[in-house]
Amino acid sequence: ISRWIGEINRKKVLNQRAKKMIFSFSFIFSMNIAIGNVSLRHVSVNFNQVMRSLVPAVTIAMGLLMKKDISTTRQLAVLPVVVGVAMATFGDMSYTALGLVYTVFCVLLAAAKVVASGEMLTGELKLHPVDLLGHMAPLAMVQCLVFSYFTGEVADICRRWSAEISPFTGNPMVLTVVVVSGIFSFTLNICSLMANKLTSPLTLCIASNVKQVLMITFGTMIFGDQITVLNGSGILIVLAGSARYSYVSILEKKKRPKRQKSIPGSTEMSRRGDVEEGNPLISKS
C-alpha cells in the first residue's frame, strides 16, 4: 500500500493538544457508526436516508458557526440536492420517538465528522489522510469494541462464532464477507479523507448524497427495484442540483485569487472555502 500511495511525510510531531483533537475525532467517528447501527433498529431505512439528506445543511450551519466563508450562492445550490435526496429515498417512513432521537443525533455526528476531519487535514495540523487514519483508527477500534459490547453485538458474535463465523468451523463465506468489507471500508475512508482534504466538507456531503441516488438507480437497473414517480423525480433533481453545485464551485474558484505562502524548505497548503493550493504531502518514491 505504501508503494502505491507514496511515502507519507510525518515531519510534524503531535503535541498534547493535537492528540486530544485526534481522540475527539475518533470518538465522533466511532459514535457515528454505533449510533447509526442502533438507529436502524428503531426507524425504517427510508426514514434514515431522508434524515441523512439533511447532513449538507447541518454542515453549512456548523461551518457558519465556525466563521467559515460559505457564499449565499453555494448555500442555495445545496438546497435542490437536499430536497432531491429526500424525494428519491422517500418510502416507508415508520419510526419511533427513540429512533427519531437516534437519527437526529446521527445527522449531527455525520456533519461533525466531516467538519472535524476537514479541520485536521487542512487546518492547524495539516495531516495527510493516511497519517490521520493511522492515528485515529486504533482509538476508534477500541471505542467500537466497547460500544458493541454494551449494545449486545459481542455477545451475539460469541453465540454464533462456532457455527457461522469461525474460520475453522464456520461458514467460509461469512469470513470472506468480513475481510472484503474491511478492505472496502479502509479504501472508503482513505478516499473520503482525501476528497475532504482536496475539496471541502460541504462538497464531500454533496457527493455522499449523490451516491445515495446512484445506489437507487443501480438497484433499479440491476435488481429491478421499483421506484415511484416521486423517487424518480428526486433522482433527476439531485443530478441537476449536483451539476449546479459543481458549476457554482468552479465559478467561485475562478474568481478567487490564488494565494500561496512559502516557508523555507517546505510549502504550506492553504484552502479558501473549497480550493486547496500547494504541493501534496505525498512524495512519490
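The values are calculated or read from the model by the stated rules, or taken from the named source; none is laboratory data. Please read all numbers here as calculations on a predicted model, not as lab measurements. Glycine gets a Cβ as well: all are built from the backbone with ideal geometry, and neighbour counts include every protein chain shown. The area values use the complete protein model at the heavy-atom level, side chains included, leaving out ligands, DNA and RNA. Shrake-Rupley method; radii C 1.70, N 1.55, O 1.52, S 1.80 Å.
Considering only region 27-36, I want to know if a residue exists there that is touching a Lys or Arg at 6+ places or on another chain (Cβ under 8 Å) and closer than 30 Å to Leu251 by Cβ.
So in region 27-36, the residues touching a Lys or Arg at 6+ places or on another chain (Cβ under 8 Å) come out as 28-29, 32.
Checking the rest, the ones that are also closer than 30 Å to Leu251 by Cβ come to none.
Taking every residue of region 27-36 in turn, none turns out to be touching a Lys or Arg at 6+ places or on another chain (Cβ under 8 Å) and closer than 30 Å to Leu251 by Cβ.
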Checklist entry - Do we have Met93 as open to solvent by 30 Å² or more (accessible area, probe 1.4 Å), farther than 25 Å from Phe186 by Cβ and not in a helix (DSSP H, G or I) here? => result yes
Item to check | Residue in region 86-104 that is in contact with a strand residue (DSSP E or B) (Cβ under 8 Å, 6 or more places away or on another chain), over 21 Å from Ile206 (Cα atoms) and among the hydrophobic types (A, V, I, L, M, F, W, C) present | outcome: yes
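Among Leu132, Leu121, Leu125, Leu108, which is free of Cβ contacts under 8 Å to residues at least 60 places away in the same chain, in contact with a helix residue (DSSP H, G or I) (Cβ under 7 Å, 6 or more places away or on another chain) and within 22 Å of Lys20 (Cα to Cα)?
Working: Leu132 fails: free of Cβ contacts under 8 Å to residues at least 60 places away in the same chain; Leu121 fails: free of Cβ contacts under 8 Å to residues at least 60 places away in the same chain; Leu125 fails: free of Cβ contacts under 8 Å to residues at least 60 places away in the same chain.
After applying the criteria, what remains is Leu108.
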Checklist entry - Does Met120 qualify as being touching a Leu at 6+ places or on another chain (Cβ under 6 Å), modelled with pLDDT under 90, open to solvent by less than 60 Å² (accessible area, probe 1.4 Å) and within 30 Å of Gly232 (Cβ to Cβ)? => result no
Checklist outcome for this item: Restricting attention to region 191-212, the residues that are under 12 Å from Leu121 (Cα atoms) and among the hydrophobic types (A, V, I, L, M, F, W, C) number exactly 4
Checklist outcome for this item: Here the residues within region 64-86 that are surrounded by fewer than 22 Cβ atoms within 10 Å (Cβ to Cβ), touching a Gly at 6+ places or on another chain (Cβ under 6 Å) and in a helix (DSSP H, G or I) are Pro80
Next on the checklist: Within region 34-49, take every residue that is outside any helix (DSSP H, G or I) and surrounded by fewer than 21 Cβ atoms within 10 Å (Cβ to Cβ) and give me the one that is nearest to the chain's Cα centre (by Cα).
Outcome noted: Leu40
Item to check | Residue check for Ile250: at pLDDT 75 or above and surrounded by 13 or more Cβ atoms within 10 Å (Cβ to Cβ) | outcome: no
Next on the checklist: Between Ser181, Ser162, which is surrounded by fewer than 17 Cβ atoms within 10 Å (Cβ to Cβ) and within 30 Å of Ala88 (Cα to Cα)?
Outcome noted: Ser181
Checklist outcome for this item: The residue that is surrounded by the most Cβ atoms within 10 Å (Cβ to Cβ), considering only those in region 202-226 that are in contact (Cβ under 8 Å) with a residue 60 or more places away in the chain and within 12 Å of the chain's Cα centre (by Cα), is Leu202
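Which residue out of Arg17, Arg52 is at pLDDT below 90, closer than 28 Å to Met136 by Cβ and over 18 Å from the mean Cα position of the chain (by Cα)?
On inspection, the qualifying residue turns out to be Arg17.
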Next on the checklist: Taking the criterion of being in contact (Cβ under 8 Å) with a residue 12 or more places away in the chain, open to solvent by 50 Å² or more (accessible area, probe 1.4 Å) and under 26 Å from Phe186 (Cβ atoms), would at least one residue in region 50-63 satisfy it?
Outcome noted: yes
Item to check | Pair list, Cβ < 9 Å and 6+ apart or interchain, from region 149-163 residues that are under 23 Å from Ile35 (Cβ atoms) and touching a residue at least 40 places away in the same chain (Cβ under 8 Å) to residues that are of a type in the set (A, V, I, L, M) and open to solvent by 90 Å² or more (accessible area, probe 1.4 Å) | outcome: none
Item to check | Selected residue [within 25 Å of Ile235 (Cα to Cα) and among the acidic types (Asp, Glu)] from Asp131, Asp156, Asp92 | outcome: Asp92
